[in-house]
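J.: Sharing a structure below in structure tokens format, with a few things to ask.
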Amino acid sequence: MLRTRIVLATAVFALIGLVFAPAVVGEEEDNGCHRLDMEVVCVVTPGKTVLVGDPFEVTATVRNTGDLALANVTLALRGHEGVSQVGSEDLQIKIARLEPNETRQIKRKFVSDAVGERRVSASAREERGWAAAGCYCGVLIKGLPAIQLEMIDVDINRKPKGIFEVGEKFIYILSVENDVGTALTPDLKVVWTLPESLKFVSGTGDRGATISGSGRSAESSSFVLRPNQKQNFELTVECVSVPPRNLTQTRASVVTTQGSQELATETESTTLKQAR
């Protein structure tokens, strides 16, 4: 009877030891902590400053920064307020498998019809929600000045006349306008080039502008135009000779004050004749 109880107790303790014994990890089992992660970056081409109405390309790149492969990753681009897509391509791609440190890209073109800071966002998400990332590209949309010129010739009393005589003084009236532009112009000035038959006498401008010159050339002081703003000038000249066929031409050029880049030109033909 006693022997039977000892055998039974030994069996019970053996069973308890089996239940609470520590598990043995096989060589094929990984006991480390895996990391599921990704990053997204985006780049604007040709640069972060774009003229209004000009298309620009955004490239989004997703990279698996974890140590396990990601499955069914959606990489997408989205234009925010004032930014629209050029074309009809899908703004997202599906990546079936993205290995550790592997990258994939999506490129799409956008355009903005409004000036100021604009954004395109890029995002990526793994289907199971185990990893996600996003960022945005900032784009500065600059306006485009639209310089319009109009020049006419009038007599000294500012009345249309059409034909002027040697020794007579008359006026070129020039209007410079930022017509339907979307941005402030750079610093501008007007340069007049006179034909041999005319010489500079004097000049004035509104909004504090001045004109200086001598002989066959004249130049205004610097000015800036807001959208739809106008600058007016009056250039007084004197007829000193009669050109062949009695027709001559005066040229006005609007150029940037720095760099003298020509933005617009206007010419006015005038008929000259000998005094009676």
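Derivation of every value follows stated rules applied to the coordinates shown; laboratory data play no part. Predicted, not measured: the structure shown is a model, and the values here were computed from it. Every residue, glycine as well, gets a Cβ built from its backbone with ideal geometry; the counts of neighbours run over all protein chains shown.
J.: Over the range 117-276, how many pairs of lysines fall under 29 Å by alpha carbon, counting only those 8 or more apart in sequence or from different chains?
T.: Lysine pairs, 8 or more places apart or on different chains, close enough: 20.
J.: Would you mind checking the tilt of helix 2-20 against the longest principal axis of the Cα atoms of the chain, expressed as 0 to 90 degrees and rounded to 10?
T.: Between the helix axis and the principal axis of the chain, the angle is about 10 degrees.
J.: Helix-derived [θ] at 222 nm for the chain: sum -39500 (n - 2.57) over DSSP H runs of at least 4, divide by residue count, nearest 500?
T.: Values: 1 runs with 19 residues, N = 276.
Value at 222 nm, helices only, nearest 500: -2500 deg cm²/dmol.
J.: Less than 13 Å from a label point 7 Å out along the Cα-to-Cβ axis of Asp179: which backbone N atoms in the range 220-245 qualify, by residue?
T.: Counting only backbone N, you get 228-231.
J.: Follow-up. Can you give me the C-alpha center-to-center distance between the range 43-75 and the range 99-142, rounded to a whole angstrom?
T.: If we compute the Cα centre of each part, the gap is 5 Å.
J.: Still on this structure: Relative to the present Cα-Cα distance, how much length would full extension add between Thr204 and Val86 at 0.36 nm per residue of separation?
T.: Numbers: separation 118, 0.36 × 118 = 42.48 nm, distance 4.74 nm.
Fully extending the segment from Thr204 to Val86 adds 37.7 nm.
J.: Compute, for the chain, the length of the dipole vector about the Cα centre, with Cβ point charges of +1 (Lys, Arg) and -1 (Asp, Glu) only. Units Debye, rounded to 20. Don't skip to the end; give the middle numbers.
T.: Working: 31 positive and 34 negative charges, 60 e Å.
The dipole magnitude comes to about 280 debye.
J.: Do any cysteines in the chain lack another Cys Cβ under 4.7 Å, and if so which?
T.: Flagged as lacking a Cys partner: Cys33, Cys135, Cys239.
J.: Quote the charge dipole size of the range 38-142 about the Cα centre in Debye, to the nearest 20; the model charges only the Cβ of Lys and Arg (+1) and of Asp and Glu (-1).
T.: Values: 14 positive and 13 negative charges, 16 e Å.
Here the size comes out at about 80 debye.
J.: Provide Rg over Rh for the chain; use the alpha carbon set for both Rg and the Kirkwood Rh (inverse mean inverse pair distance).
T.: When Rh is taken as the Kirkwood radius, the ratio is 1.53.
J.: Can you pull the three principal axis extents for the Cα set of the range 147-273, in Å, largest first?
T.: Taking the Cα atoms of the range 147-273, the three principal extents are 44, 27, 25 Å.
J.: OK, next. Rank by packing, highest mean first: peptides 83-93, 226-236, with packing defined as the count of other Cβ atoms within 10 Å averaged across residues. Mind dumping the intermediate values first?
T.: On the way: 83-93: 13.5, 226-236: 17.3.
Highest to lowest by the protection proxy: 226-236, 83-93.
J.: Further question on the same structure: Roughly speaking, what is the stretch gain from Ala69 to Lys142, that is 0.36 nm per residue apart minus the C-alpha to C-alpha distance, in nm to one decimal? Can you show the working numbers first?
T.: On the way: separation 73, 0.36 × 73 = 26.28 nm, distance 4.24 nm.
Length difference between fully extended and current span is 22.0 nm.
J.: Label-point separation (nm) for Arg35 and Lys230, each offset 7 Å from Cα along Cα-to-Cβ?
T.: 6.6 nm
J.: Taking neighbour counts of Cβ atoms within 10 Å as a proxy for exposure, in what order, fewest first, do Trp130, Trp192 appear? Let's see the in-between values first.
T.: Working: Trp130 14, Trp192 24.
Listing Trp130, Trp192 from fewest to most nearby Cβ atoms yields Trp130, Trp192.
J.: Round to a whole angstrom and tell me the spacing of the C-alpha centers of the range 241-260 and the range 154-192.
T.: About 11 Å separates the Cα centre of the range 241-260 from the one of the range 154-192.
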